[in-house]
1. From a point 7 Å beyond the Cα of Val215 in the direction of its Cβ, which residues of region 65-98 have a backbone N at a distance under 17 Å?
2. In 10 Å bins starting at 0, how do the alpha-carbon pair distances of region 84-173 split up by percent?
3. Which pairs break 23 Å Cα to Cα here: Lys140/Lys177; Lys140/Lys176; Lys99/Lys128?
4. If you bin every alpha carbon distance in the chain into 10 Å steps from zero, what whole percent lands in each bin?
5. How would Ile78, Ile52 line up by accessible area, probe 1.4 Å, largest first?
6. So what is the calculated 222 nm ellipticity per residue for the chain, using -39500 (n - 2.57) for each DSSP H run with n of 4 or more, over all residues, to the nearest 500 deg cm²/dmol?
7. Could you give the length gained on full extension between Gln48 and Val65, defined as 0.36 nm per residue of separation minus the Cα-Cα distance, in nm?
8. If you place +1 on the Cβ of every Lys and Arg, -1 on the Cβ of every Asp and Glu, and leave all else neutral, what size is the dipole of the chain about its Cα centre, to the nearest 20 Debye?
Amino acid sequence: NPDLVKVRVQTREGQSATVLFGKSEGAAATGMPPQGPGAKVYVQVEGQPGVIRATAADLSGLVGVINDPSPLRDRTLIGADRAKADGIDIALAGQPATKLRRSGQLPLWKLYGGPNDPQNTNGEAVNKLLDVVFARRTIKDFPASNPQNFAAVPVTLFVWADGFNQPADEKAEPVKKGEPIKLEFGRRDAGVVYVRRTLPGQPPAEFTVPEQIKVGVA
């Protein structure tokens, strides 16, 4: 059957099953199973003998996702725990990076890297930045990879979540223990910005996000 649907399900404990959805009663030579309360489809659990004749009325969602899997894709730019964010580097093109670290007993966001650092930051401004990059479902689209979208990268963000060890001396800069999430912001076009995200140990992925993102009431 050229329209065979193969679904593999796995539990947290590592148990798995593969289910095959085959031909349907009354289906045309080509095309997916007909929908409706009386529609039936032949199903087989891989590795088990026999075939199941099951109701096909609720396969429409499954078939739709197979034809267009984008509803299943994660649209959150950074899926880490926002409360664990403890490091940000803001790198403008051609300039040294601005280093922000959450440190101290409270802890508070502070600037590091300058001769008089650490310095206290505008905590409200830092939190607004974090609200945007950690906002849920901000990815608008998944364009094909294109180096031209990142021919110029005016700003790059490096974001750590639980990425630093706190030093004994509150004036000392926290020591990095993990790798950051890298966000490169590229070309702007028709109300969107191209973003290239690199997660630790993974290849880069490219997205578009809106030029303006609403978080909370802001």
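The values are calculated or read from the model by the stated rules, or taken from the named source; none is laboratory data. Since this is a predicted model, take the numbers as computed values, not measurements. A quick note on method: Cβ atoms are made from the backbone with ideal geometry, for glycine too, and the neighbour counts reach across all protein chains shown. Note: accessible area is taken over every heavy atom of the protein model, side chains too, but ligands, DNA and RNA are not part of it. Shrake-Rupley method; radii C 1.70, N 1.55, O 1.52, S 1.80 Å.
1. Within reach of a label on Val215: 75-91.
2. In whole percents, the pair-distance histogram is 14, 41, 29, 12, 3.
3. Lys140/Lys177; Lys140/Lys176
4. Going out from 0 Å in 10 Å bins, the chain shows 7, 24, 23, 17, 15, 9, 4, 0 percent.
5. Numbers: Ile78 0, Ile52 85 Å².
Correct descending sequence by accessible area is Ile52, Ile78.
6. Numbers: 2 runs with 19 residues, N = 218.
Calculated mean residue ellipticity at 222 nm is -2500 deg cm²/dmol.
7. Once the chain is fully extended between Gln48 and Val65, it gains 3.5 nm.
8. Dipole of the chain, to the nearest 20 debye: 120 debye.
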